1. Among the residues of segment 117-129, how many are at pLDDT below 75 and either in a strand (DSSP E or B) or surrounded by 14 or more Cβ atoms within 10 Å (Cβ to Cβ) (or both)?
2. Scan segment 134-154 and report the pairs whose first residue is within 23 Å of Trp121 (Cβ to Cβ) and whose second residue is β-branched (Val, Ile, Thr) and at pLDDT below 70, with Cβ atoms within less than 7 Å and a gap of 6+ or a chain change.
3. In segment 95-112, which residues are assigned to a loop (DSSP other than H, G, I, E, B), touching a residue at least 12 places away in the same chain (Cβ under 8 Å) and over 18 Å from Ala2 (Cα atoms)?
4. Only one of (1) small (Gly, Ala, Ser); (2) at pLDDT 75 or above; (3) surrounded by 14 or more Cβ atoms within 10 Å (Cβ to Cβ); (4) in a loop (DSSP other than H, G, I, E, B) fails for Ser135. Which number is that?
5. So which residues in segment 226-244 are exposed (fewer than 14 other Cβ atoms within 10 Å of the Cβ) and over 16 Å from Phe208 (Cβ atoms)?
6. Report whether or not Tyr38 is among the aromatic types (Phe, Trp, Tyr), closer than 30 Å to Asn110 by Cβ and assigned to a helix (DSSP H, G or I).
7. Can you tell which of Val269, Val236 is touching a residue at least 40 places away in the same chain (Cβ under 8 Å) and in a strand (DSSP E or B)?
8. Restricting attention to segment 368-390, which residues are assigned to a strand (DSSP E or B) and either farther than 23 Å from Arg320 by Cβ or at pLDDT below 95 (or both)?
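The values are calculated or read from the model by the stated rules, or taken from the named source; none is laboratory data. Not measured: the values here are computed from a predicted model. All Cβ positions, even for glycine, are placed from backbone atoms using ideal geometry, and neighbour counts span all protein chains on display.
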Amino acid sequence: MARFFRFPWATSGDRTEVPFDTDPSGFVSYAEGYGPDYEITPGDPGWKAVPRDETNGLYYDLTDNLRQYQLNGAPDWHPAADNDGIAINYPINAIVRHNDVVYRSLIANNTIEPGTDATKWAPDNAIGAATTVVSGITRYATTAEAAARTVTNAAVTPAGLGALFNLLLNMPVFPEVIGGNGTFTVTNPSAGTVRVAAGTQWTHRGAFTYTSALTDLATLANKTYHLRWTPGSGFVLYDLADGGYNPSALAETNPFFDTSYDNMLVARVVTSAGNVATITTLVNRARLSSGILTGGVVTRATSPTSVWACQFPTVLNWSRTPAATGSAARTGFTGTLTTPPEEPAISFAATVTDGTGTLTGVLDRYQASPVISIDTNVPSVSITFGMQLSVFASA
C-alpha cells in the first residue's frame, strides 16, 4: 500500500517558499529550478549552496498537493492506524478505493470505513439521489412539473425548457401594462408623427416582460389608425381604411380589433387635415373590470307613448370590449304623475325616443352608456327624475 502522507514534508521544519518567477540573482525558482550557479565549484565566484529551507519548501509543496489528492482523488482509503491513530476526516464527495470498490463520501468529515454504513459512503457507480450538496442521480422533470416549479427531485433539460417555453407562450393571459393606469405614453410631438415613449413595461402571456424603447411612427392626414404591438413586429400603426388590416370594412369599435393574447391594441389615433393626431390610449390589463355608480337629476319630456329616457355616459377607454350588467333606480321626481310609473329599465344596445329626443345605448371599448327608460304612464309632459345607475363591466 502506498504511504499515506499524514502531513506534508517539513510541516514543523524551517521552510522558505520557492518563488514562481525567475530570480534575477540566479536563486532557485519554479520557473528555472536550480540554476547553473548551483553547479559551480564551492568557493568559486557565483557559487550557490543548495538551500535547506527552500528545499524543504519545495518538498512541502509537493507532498501537500499529493496529500490533497489522497484525500480527494481516488486513492486507497486509510484507517486511523495509518494516521498515527487519528481517524482521517474525508470531505463530502471524496473518492477512495476500499476492498477493490470505489466509494464516494456522502457527508463531510467522514471517518467511517467504506462499506459499513450506506449513509456515509456509496459505491461511486451506484450513487444515490442528488441533492443541492451531494452529486447523484436525478430524473428529468416533466413539462407540467417544470411549469409548476414545485418539484425538488428532478432536473430541467434544455428540451424541457423548450417545452416550458412553448407552454408559457400558450398561456391564455392577456397583455398587461405594469403600473400606472395600464396605458402606454403615446404623444404627437409634431404633425405627422406619433411617438411611443420609452420605459413602459408590460407582460406578454403572463410570463415575458418587455420594456418600450422610444419609437416614432409616421401618419397621414385624415386617417384613423390603430396602434398595435406584437412580439414579432413591435409597435405598428394600422390604417382602418387599409383592406389588408380591415378587409370587411368593420367599424373602428368592432370587437374584432380588441387586444388578443398576442396582439395588443395600444391606442386609437385620429389625424386631422393638418395631420395632427388625437390619441386615445387604451388600458391593457390581464383582467379589466369596473364598478360604476353614477346618476343625477334629469328633466326631459315624455313621449306620446309615455316613455321618458336618460343616459349617463361613463368613459372606459379599454383595449377590449366589455360585457356589462346593471340596474337603475329612481331617487325622486318633480312633475305631475297621475299614475305610478313603471320601474326603470336599462339597455346597452337599444334606441329609445322620448319627448325630448332619441338616445342610443353604447357599450364598447370606449364607454359604458346604457339608456335608462321609464314608462311613466303619462304622455307628453315634462318630468324631472332623480336617477341612480349601477353598472359592472368586465373584459
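1. Number satisfying all stated conditions: 3.
2. Ser135/Ile127; Gly136/Ile127; Ile137/Ile127
3. Leu106, Ile107, Ala108, Asn109, Thr111
4. Condition (2) is where Ser135 drops out.
5. Ala241, Asp242, Gly243, Gly244 - these are the residues of segment 226-244 that are exposed (fewer than 14 other Cβ atoms within 10 Å of the Cβ) and over 16 Å from Phe208 (Cβ atoms).
6. no
7. Details: Val236 fails: touching a residue at least 40 places away in the same chain (Cβ under 8 Å).
Answer to the selection: Val269.
8. Start the filter on segment 368-390 by keeping residues that are assigned to a strand (DSSP E or B), which leaves 368-369, 371-375, 382-390.
Ile372, Ser373, Ile374, Asp375, Ser382, Ile383, Thr384, Phe385, Gly386, Met387, Gln388, listed by residue number.
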